[in-house]
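What follows is a short report on a single structure.
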Amino acid sequence: MSFATDTQSDAAVTLTSPEAGIAVITIQRPEQRNALSAEVRAGLYAAWDAFEADPAYRVAILTGAGDKAFCAGGDLKEMVERGLKVPPRDMFPLPYDTVTLSKPTIAAVNGVAFAGGWMIAQACDLCVASTSARFAITEVKVGRSSPWAAPLIHMIPQRVMMEIILTGKPISAQRAYEIGLVNRLAEPGETLACAIELAREVLEGAPQSVRAGRETVMLATEMGRSAALEAARHASEWTYRCEDAQEGPRAFAEKRKPVWSSYD
(Lines give C-alpha, C1' and ligand atoms only; values in the text may rest on other atoms or scores of the structure.)
Protein backbone atom coordinates (compact mmCIF):
# COMPACT_ATOMS: atom_id res chain seq x y z
CA MET A 1 0.00 0.00 0.00
CA SER A 2 1.40 3.38 -0.99
CA PHE A 3 0.53 6.88 0.13
CA ALA A 4 1.53 9.90 -1.92
CA THR A 5 0.22 13.28 -2.97
CA ASP A 6 1.40 12.79 -6.55
CA THR A 7 1.58 9.28 -8.06
CA GLN A 8 1.62 5.73 -6.78
CA SER A 9 5.04 5.18 -8.35
CA ASP A 10 6.43 8.06 -6.34
CA ALA A 11 4.99 7.18 -2.96
CA ALA A 12 6.22 9.25 -0.04
CA VAL A 13 5.23 6.53 2.42
CA THR A 14 4.45 2.84 2.01
CA LEU A 15 2.65 0.35 4.24
CA THR A 16 3.57 -3.30 3.85
CA SER A 17 2.98 -6.45 5.88
CA PRO A 18 5.96 -8.83 6.08
CA GLU A 19 3.89 -11.30 8.05
CA ALA A 20 0.50 -11.65 9.73
CA GLY A 21 -0.30 -8.98 12.29
CA ILE A 22 2.63 -6.69 11.48
CA ALA A 23 2.48 -3.45 9.48
CA VAL A 24 5.70 -1.79 8.33
CA ILE A 25 5.37 1.93 7.57
CA THR A 26 8.33 3.22 5.58
CA ILE A 27 9.25 6.80 4.72
CA GLN A 28 10.40 6.55 1.09
CA ARG A 29 12.51 9.70 0.64
CA PRO A 30 16.12 8.56 1.21
CA GLU A 31 17.45 11.24 -1.16
CA GLN A 32 15.88 13.83 1.19
CA ARG A 33 17.13 11.94 4.25
CA ASN A 34 13.48 11.02 4.82
CA ALA A 35 12.74 14.57 5.99
CA LEU A 36 9.19 15.36 7.04
CA SER A 37 8.09 17.23 3.91
CA ALA A 38 4.43 17.91 3.18
CA GLU A 39 4.25 14.74 1.07
CA VAL A 40 5.77 12.62 3.82
CA ARG A 41 3.50 14.09 6.49
CA ALA A 42 0.39 13.42 4.41
CA GLY A 43 1.61 9.90 3.68
CA LEU A 44 2.26 9.16 7.34
CA TYR A 45 -1.18 10.39 8.37
CA ALA A 46 -2.76 8.10 5.78
CA ALA A 47 -0.58 5.12 6.73
CA TRP A 48 -1.27 5.44 10.45
CA ASP A 49 -5.00 5.71 9.78
CA ALA A 50 -4.89 2.59 7.59
CA PHE A 51 -2.99 0.68 10.30
CA GLU A 52 -5.46 1.66 13.02
CA ALA A 53 -8.51 0.86 10.89
CA ASP A 54 -7.43 -2.64 9.84
CA PRO A 55 -8.02 -5.27 12.56
CA ALA A 56 -5.56 -7.57 10.81
CA TYR A 57 -2.73 -5.32 12.00
CA ARG A 58 -1.80 -5.61 15.66
CA VAL A 59 1.57 -3.84 15.77
CA ALA A 60 3.27 -1.31 13.49
CA ILE A 61 6.94 -0.67 12.75
CA LEU A 62 7.97 2.80 11.56
CA THR A 63 11.22 3.08 9.59
CA GLY A 64 12.95 5.03 6.83
CA ALA A 65 14.25 3.91 3.44
CA GLY A 66 18.01 3.60 2.95
CA ASP A 67 20.74 3.23 5.53
CA LYS A 68 21.72 6.85 6.07
CA ALA A 69 18.67 8.34 7.74
CA PHE A 70 15.63 7.19 9.65
CA CYS A 71 14.40 10.76 9.42
CA ALA A 72 16.45 13.96 9.46
CA GLY A 73 13.57 16.02 10.82
CA GLY A 74 11.39 18.74 9.37
CA ASP A 75 11.95 20.13 5.89
CA LEU A 76 13.83 23.35 6.73
CA LYS A 77 13.62 24.59 3.14
CA GLU A 78 9.84 24.30 3.29
CA MET A 79 9.78 26.16 6.61
CA VAL A 80 11.77 29.03 5.10
CA GLU A 81 9.57 29.20 2.02
CA ARG A 82 6.43 29.24 4.17
CA GLY A 83 7.85 31.65 6.72
CA LEU A 84 6.69 29.14 9.30
CA LYS A 85 6.56 30.44 12.85
CA VAL A 86 4.60 28.38 15.38
CA PRO A 87 3.88 24.99 13.72
CA PRO A 88 0.16 24.14 13.53
CA ARG A 89 -0.90 21.68 16.21
CA ASP A 90 -1.61 18.98 13.62
CA MET A 91 1.35 19.63 11.33
CA PHE A 92 3.23 16.46 12.26
CA PRO A 93 1.72 12.94 12.46
CA LEU A 94 2.67 11.79 15.97
CA PRO A 95 1.42 8.43 17.23
CA TYR A 96 -0.89 8.79 20.24
CA ASP A 97 -0.78 12.58 19.94
CA THR A 98 -2.02 14.01 16.64
CA VAL A 99 -2.74 10.47 15.42
CA THR A 100 -5.21 8.35 17.38
CA LEU A 101 -3.87 4.82 17.86
CA SER A 102 -4.83 1.97 20.17
CA LYS A 103 -2.15 -0.52 19.10
CA PRO A 104 1.57 -0.73 19.93
CA THR A 105 4.23 0.79 17.68
CA ILE A 106 7.96 0.26 17.20
CA ALA A 107 10.47 2.69 15.69
CA ALA A 108 13.19 0.97 13.64
CA VAL A 109 15.89 3.63 13.50
CA ASN A 110 18.25 2.70 10.67
CA GLY A 111 20.22 5.97 10.46
CA VAL A 112 20.15 9.50 11.83
CA ALA A 113 17.09 10.54 13.83
CA PHE A 114 17.48 14.27 14.22
CA ALA A 115 14.92 16.85 15.43
CA GLY A 116 11.59 15.70 13.97
CA GLY A 117 13.16 12.30 13.37
CA TRP A 118 13.82 11.97 17.09
CA MET A 119 10.29 13.27 17.66
CA ILE A 120 8.55 10.50 15.69
CA ALA A 121 10.86 7.81 17.08
CA GLN A 122 10.18 9.02 20.62
CA ALA A 123 6.43 8.93 19.97
CA CYS A 124 6.50 5.18 19.28
CA ASP A 125 6.14 2.76 22.19
CA LEU A 126 9.37 0.87 21.54
CA CYS A 127 12.58 1.59 19.67
CA VAL A 128 15.15 -0.58 17.89
CA ALA A 129 18.23 1.15 16.50
CA SER A 130 21.15 0.28 14.27
CA THR A 131 24.49 0.53 16.03
CA SER A 132 25.40 3.14 13.41
CA ALA A 133 22.34 5.30 14.14
CA ARG A 134 22.61 8.70 15.80
CA PHE A 135 20.02 10.74 17.69
CA ALA A 136 19.86 14.50 18.22
CA ILE A 137 17.42 17.25 19.20
CA THR A 138 18.97 19.93 17.01
CA GLU A 139 16.41 22.72 17.30
CA VAL A 140 18.79 25.03 19.20
CA LYS A 141 21.11 24.92 16.19
CA VAL A 142 18.49 26.43 13.86
CA GLY A 143 16.58 28.76 16.18
CA ARG A 144 13.56 26.50 16.60
CA SER A 145 12.12 24.80 19.68
CA SER A 146 11.20 21.26 20.74
CA PRO A 147 8.07 21.30 22.92
CA TRP A 148 7.32 17.77 21.71
CA ALA A 149 10.31 16.59 23.78
CA ALA A 150 8.48 17.17 27.08
CA PRO A 151 7.43 13.49 27.51
CA LEU A 152 11.09 12.51 27.22
CA ILE A 153 11.41 13.18 30.95
CA HIS A 154 9.55 9.90 31.52
CA MET A 155 12.15 8.01 29.47
CA ILE A 156 15.57 9.38 30.41
CA PRO A 157 17.16 11.23 33.38
CA GLN A 158 16.57 14.98 33.71
CA ARG A 159 20.18 16.09 33.43
CA VAL A 160 20.76 13.91 30.39
CA MET A 161 17.65 15.36 28.77
CA MET A 162 18.81 18.87 29.61
CA GLU A 163 22.21 18.38 27.97
CA ILE A 164 20.72 16.83 24.83
CA ILE A 165 18.27 19.71 24.35
CA LEU A 166 20.59 22.58 25.33
CA THR A 167 23.57 21.48 23.23
CA GLY A 168 21.85 19.94 20.22
CA LYS A 169 24.77 17.52 19.93
CA PRO A 170 24.12 14.02 18.59
CA ILE A 171 24.39 10.91 20.73
CA SER A 172 25.30 7.45 19.50
CA ALA A 173 22.90 4.52 19.38
CA GLN A 174 24.91 2.91 22.18
CA ARG A 175 24.44 6.00 24.35
CA ALA A 176 20.72 6.07 23.49
CA TYR A 177 20.51 2.46 24.62
CA GLU A 178 22.38 3.17 27.84
CA ILE A 179 20.04 6.00 28.87
CA GLY A 180 16.90 4.01 28.06
CA LEU A 181 15.77 5.70 24.85
CA VAL A 182 16.40 2.56 22.79
CA ASN A 183 15.18 -0.94 23.68
CA ARG A 184 17.43 -3.00 21.42
CA LEU A 185 20.48 -2.50 19.21
CA ALA A 186 20.97 -4.21 15.86
CA GLU A 187 23.84 -4.52 13.44
CA PRO A 188 23.63 -2.21 10.40
CA GLY A 189 21.26 -3.70 7.86
CA GLU A 190 19.51 -5.81 10.50
CA THR A 191 17.41 -3.10 12.16
CA LEU A 192 14.12 -3.96 10.51
CA ALA A 193 14.63 -7.68 11.11
CA CYS A 194 15.30 -6.95 14.79
CA ALA A 195 12.15 -4.81 14.98
CA ILE A 196 10.10 -7.57 13.36
CA GLU A 197 11.42 -10.05 15.93
CA LEU A 198 10.36 -7.67 18.72
CA ALA A 199 6.94 -7.32 17.05
CA ARG A 200 6.60 -11.12 17.00
CA GLU A 201 7.21 -11.19 20.74
CA VAL A 202 4.43 -8.62 21.23
CA LEU A 203 2.13 -10.69 19.01
CA GLU A 204 2.60 -13.72 21.25
CA GLY A 205 0.57 -11.97 23.94
CA ALA A 206 -3.22 -11.82 24.06
CA PRO A 207 -4.38 -8.76 22.08
CA GLN A 208 -6.54 -7.34 24.85
CA SER A 209 -3.83 -7.92 27.42
CA VAL A 210 -1.33 -6.05 25.23
CA ARG A 211 -3.77 -3.17 24.88
CA ALA A 212 -4.40 -3.01 28.63
CA GLY A 213 -0.69 -3.26 29.35
CA ARG A 214 0.09 -0.37 27.05
CA GLU A 215 -2.65 1.74 28.64
CA THR A 216 -1.30 0.93 32.09
CA VAL A 217 2.17 2.18 31.18
CA MET A 218 0.80 5.42 29.74
CA LEU A 219 -1.52 6.00 32.69
CA ALA A 220 1.40 5.50 35.07
CA THR A 221 3.38 8.26 33.32
CA GLU A 222 0.51 10.74 33.45
CA MET A 223 -0.97 10.27 36.93
CA GLY A 224 0.00 9.94 40.54
CA ARG A 225 0.29 6.46 42.04
CA SER A 226 -3.23 6.09 43.44
CA ALA A 227 -4.99 7.60 40.43
CA ALA A 228 -2.93 5.46 38.04
CA LEU A 229 -3.77 2.28 39.94
CA GLU A 230 -7.48 3.05 39.85
CA ALA A 231 -7.43 3.97 36.15
CA ALA A 232 -5.37 0.89 35.27
CA ARG A 233 -7.80 -1.40 37.08
CA HIS A 234 -10.64 0.11 35.09
CA ALA A 235 -8.71 -0.26 31.82
CA SER A 236 -8.05 -3.93 32.61
CA GLU A 237 -11.64 -4.95 33.35
CA TRP A 238 -12.43 -5.79 29.72
CA THR A 239 -9.29 -7.93 29.53
CA TYR A 240 -10.37 -10.03 32.49
CA ARG A 241 -13.89 -10.44 31.11
CA CYS A 242 -12.97 -11.45 27.55
CA GLU A 243 -12.55 -15.05 26.37
CA ASP A 244 -8.76 -14.76 26.25
CA ALA A 245 -8.66 -14.59 30.04
CA GLN A 246 -10.03 -18.15 30.06
CA GLU A 247 -8.15 -19.36 26.98
CA GLY A 248 -4.75 -18.44 28.40
CA PRO A 249 -4.95 -20.54 31.60
CA ARG A 250 -6.73 -23.34 29.68
CA ALA A 251 -3.95 -23.51 27.09
CA PHE A 252 -1.33 -23.50 29.84
CA ALA A 253 -3.04 -26.38 31.62
CA GLU A 254 -3.36 -28.32 28.35
CA LYS A 255 0.28 -27.58 27.46
CA ARG A 256 -0.52 -25.99 24.09
CA LYS A 257 -0.16 -22.62 22.43
CA PRO A 258 -3.16 -20.35 23.14
CA VAL A 259 -5.49 -19.33 20.35
CA TRP A 260 -6.25 -15.67 20.94
CA SER A 261 -9.40 -13.88 19.87
CA SER A 262 -9.27 -10.94 17.44
CA TYR A 263 -7.98 -7.56 18.59
CA ASP A 264 -11.45 -6.05 18.63
May I ask you to compute the full-extension gain from GLU197 to GLU247, defined as 0.36 nm times their residue separation minus their alpha-carbon distance, rounded to one decimal in nm?
-> 15.6 nm
At 1.4 Å probe size, with every protein chain present, just tell me what the per residue accessible area of the chain comes to in Å².
-> 51 Å²
Relative packing of 210-221, 231-242, which averages over residues the other C-beta atoms within 10 Å, highest first | 210-221, 231-242
Ordered by packing density, taken as the mean number of other Cβ atoms within 10 Å over each peptide's residues, highest first, how do 15-27, 107-119 rank?
-> 107-119, 15-27
Using 19 Å as the cut-off for backbone N distance, which residues of the range 172-195 belong to the label zone defined by a point 7 Å from the Cα of LYS141 along Cα→Cβ?
-> 172-177
Accessible surface of the range 48-152 [probe 1.4 Å, protein heavy atoms]: carbon and sulfur percent | 56 percent
Residue among SER132, GLN208, SER2 farthest towards the positive dipole end of the chain, charges placed on Cβ = SER132
Taking N as the number of residues in the chain, the ratio of its alpha carbon radius of gyration to 2.2 N^0.38 Å works out to 1.04
Taking the alpha-carbon set of the range 89-178, what are its Rg and Dmax in Å?
-> 12.6, 35
Please figure out what share of the DSSP beta bridges in the chain is antiparallel and state it in percent, rounded to the nearest 5.
-> 25 percent
Label-to-label distance, nm, for residues given as SER262 and TRP238 (7 Å Cα→Cβ offset) | 1.4 nm
Per the rule of 0.36 nm per residue minus the C-alpha distance, extending GLU230 to THR16 adds in nm 73.2 nm
According to a simple spin-label model (label point 7 Å from Cα along Cα-to-Cβ), what is the distance in nm between THR98 and VAL217?
-> 2.4 nm
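The values are calculated or read from the model by the stated rules, or taken from the named source; none is laboratory data. Please read these numbers as outputs of a predicted model, since none were measured by experiment. Using ideal geometry, Cβ is built from the backbone for each residue, glycine included, and neighbour counts are taken over all protein chains shown. Note: areas computed on protein heavy atoms with side chains; ligands, DNA, RNA excluded. Shrake-Rupley method; radii C 1.70, N 1.55, O 1.52, S 1.80 Å.
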